[in-house]
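Every number in this text was worked out from the coordinates using simple rules, so none of it is lab data. Just so it is clear, the structure is predicted and the values come from calculations on it, not from any experiment. Cβ placement follows ideal geometry from the backbone for every residue including glycine, while neighbour counts extend to all protein chains displayed.
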6 protein chains.
Amino acid sequence: MTDSWLTSLITATPQEGFELAITLSRRGVKYTQPDPEVLHRLRPDYANSADSLTAASHVIAVNFQTVAAANNYWRT
Amino acid sequence: MTDSWLTSLITATPQEGFELAITLSRRGVKYTQPDPEVLHRLRPDYANSADSLTAASHVIAVNFQTVAAANNYWRT
Amino acid sequence: MTDSWLTSLITATPQEGFELAITLSRRGVKYTQPDPEVLHRLRPDYANSADSLTAASHVIAVNFQTVAAANNYWRT
Amino acid sequence: MTDSWLTSLITATPQEGFELAITLSRRGVKYTQPDPEVLHRLRPDYANSADSLTAASHVIAVNFQTVAAANNYWRT
Amino acid sequence: MTDSWLTSLITATPQEGFELAITLSRRGVKYTQPDPEVLHRLRPDYANSADSLTAASHVIAVNFQTVAAANNYWRT
Amino acid sequence: MTDSWLTSLITATPQEGFELAITLSRRGVKYTQPDPEVLHRLRPDYANSADSLTAASHVIAVNFQTVAAANNYWRT
């Protein structure tokens with residue numbers, strides 16, 4: 001991918017950090033399967049499976065660890 | 001999502017931190033599948049499966065690592 | 001849950017820390033499925049499956065990381 | 001369990017630390033399924049499955065992170 | 001493997017760090033299955049499976065933790 | 001196992017560290033299933049499965065976190 005999508009891990013709030021973790025999780029998928037048609041077709045597979053949603057939340061949790069550490073946990 | 005649901009990772013007690021980890025885990029699911037009808041329909045799938053419950057506990061454990069580190073493990 | 005079950009991550013020994021990690025792992029399950037009847041019914045499913053037991057041990061390992069860090073690894 | 005099996009995370013060498021990580025992984029299983037008969041019966045299930053062995057190695061890796069950190073990575 | 005492919009974990013930007021995490025994830029596969037023919041044949045299996053793509057993103061997330069820590073999270 | 005196979009986590013380069021992570025991952029398997037005949041027989045099971053290869057790469061990623069931290073990420 002040649003577009004610039006990740007210039008910093010710093011976010012203003014924990015919630016923005018969580019949403020960045022979601023972006024990272026989705027980018028991990030897109031780098032592996034760049035075809036948007038395929039990704040669109042696969043969506044019902046995981047969006048309607050409890051275990052797939054838990055697995056998606058797991059990846060977000062791992063990426064949120066990274067983003068939270070980068071932001072010193074937004075301690076004030 | 002436009003609502004504000006995560007303004008801080010700091011909690012008064014470890015137990016509140018654990019409950020925040022549960023919130024983070026559920027939000028990871030909701031960002032992926034925002035439709036409450038679908039989530040309600042899927043509930044029996046994982047709430048009655050030992051392996052799904054273990055997987056849910058796993059995600060909570062990962063998020064609890066983040067919250068616990070943010071709170072310096074509530075050391076006094 | 002309104003009961004107080006987690007007031008500190010500090011334990012006297014690594015073994016007590018490991019047992020706290022088990023408690024955390026089980027609580028992660030109970031928050032997701034609070035019905036003790038269901039949990040009792042599911043027990044044979046995972047207690048007699050090698051893969052389920054490995055998955056349970058995995059969650060304990062993640063929680064033990066948290067408890068061990070909280071206790072500075074019980075270094076003396 | 002009333003026996004004392006974990007009094008310290010400190011080991012003399014990385015290899016002993018890795019073996020302690022294996023002990024922790026097995027204890028995580030035994031706390032969940034204490035019956036040695038059942039554990040013995042389940043052994044062929046995972047010892048002859050590539051995926052089960054990878055999962056076992058995964059749990060060991062997580063516990064080894066904890067033990068290695070406790071020992072400051074045995075840096076000299 | 002005798003070629004040199006990993007001389008540093010330091011990258012100029014978080015995005016390059018994320019791409020290095022992808023490289024690490026793929027190398028983990030290639031060390032286990034070095035035959036490019038087999039890898040090419042397996043590609044449709046995971047590139048068209050939602051759960052496989054989530055699993056791939058999970059591995060990338062773990063490696064990104066390492067790369068991000070190595071770069072002090074690209075804090076300026 | 002009585003042979004000495006892990007005397008240090010320190011490596012000269014990140015690549016050697018990655019290869020040590022692979023060794024750790026394989027040792028985790030061998031401690032659980034020491035029989036080389038069985039391991040040899042199981043190899044086609046995971047070496048030809050996309051999901052098994054991803055799982056193997058995942059374990060390597062976890063062990064690489066440990067090795068990279070031990071080496072202070074080979075920062076110069």
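Between copies, how close do the A:S8 label points come, placed 7 Å along Cα→Cβ, listed in nm from shortest?
Distances between equivalent label points, in nm: 2.3, 2.3, 4.1, 4.1, 4.7.
Hey, what's the Cα Rg ratio for the protein assembly as shown versus the globular rule of thumb, 2.2 N^0.38 Å?
Here the answer is 0.92, to two decimals.
How many nanometers, to one decimal and shortest first, lie between the label point of F:R41 and those of its other copies, if labels sit 7 Å from Cα toward Cβ?
2.2, 2.3, 3.9, 3.9, 4.5
What is the fewest-to-most order of B:W5, B:W74 by other Cβ atoms lying within 10 Å of their Cβ? Could you put the intermediate results ahead of the total?
Details: B:W5 12, B:W74 21.
By the 10 Å Cβ count, ascending: B:W5, B:W74.
Of the peptides A:9-21, B:51-63, F:31-43, how do they stack up when ordered by the mean number of other Cβ atoms within 10 Å, highest first?
B:51-63, A:9-21, F:31-43
Which is farthest toward the positive dipole end of chain D among D:F18, D:Q33, D:A68, measuring Cα position about the Cα centre, with Cβ charges +1 (Lys, Arg) and -1 (Asp, Glu)?
Result: D:A68, furthest along the dipole toward the positive end.
Using only Cα atoms, locate the centre of segment A:4-70 and the centre of segment E:54-76, then give the distance between them in Å, rounded to an integer.
Cα centres, segment A:4-70 to segment E:54-76: 13 Å.
Nothing charged except the Cβ atoms of Lys and Arg (+1) and of Asp and Glu (-1): what's the magnitude of the dipole of the protein assembly as shown about its Cα centre? Round to the nearest 20 debye.
Values: 36 positive and 42 negative charges, 143 e Å.
It works out to roughly 680 debye.
For F:K30, list the aspartates and glutamates whose Cα falls under 15 Å from its own Cα; do not include residues on the same chain fewer than 8 positions away.
Cross-link targets: D:E19, D:D51, F:D3.
Sorted from fewest to most neighbouring beta carbons within 10 Å, what does the list E:R26, B:R75 look like?
B:R75, E:R26
If one takes the longest principal axis of the Cα atoms in chain F, at what angle in degrees, from 0 to 90 and to the nearest 10, does the Cα axis of helix F:36-47 lie?
Rounded to the nearest ten degrees, it is 80.
Which net charge results for the neighbourhood of F:G28, defined as the other residues with beta-carbon distances under 14 angstrom from its beta-carbon, given Lys and Arg at +1 and Asp and Glu at -1?
Charge balance in the 14 Å sphere: +2.
If you place +1 on the Cβ of every Lys and Arg, -1 on the Cβ of every Asp and Glu, and leave all else neutral, what size is the dipole of chain D about its Cα centre, to the nearest 20 Debye? Intermediate values should be presented prior to the final figure.
Numbers: 6 positive and 7 negative charges, 27 e Å.
Here chain D has a charge dipole of around 140 debye.
Regarding segment C:14-71, what whole-number volume in Å³ per residue does the convex hull of its Cα atoms give?
80 Å³
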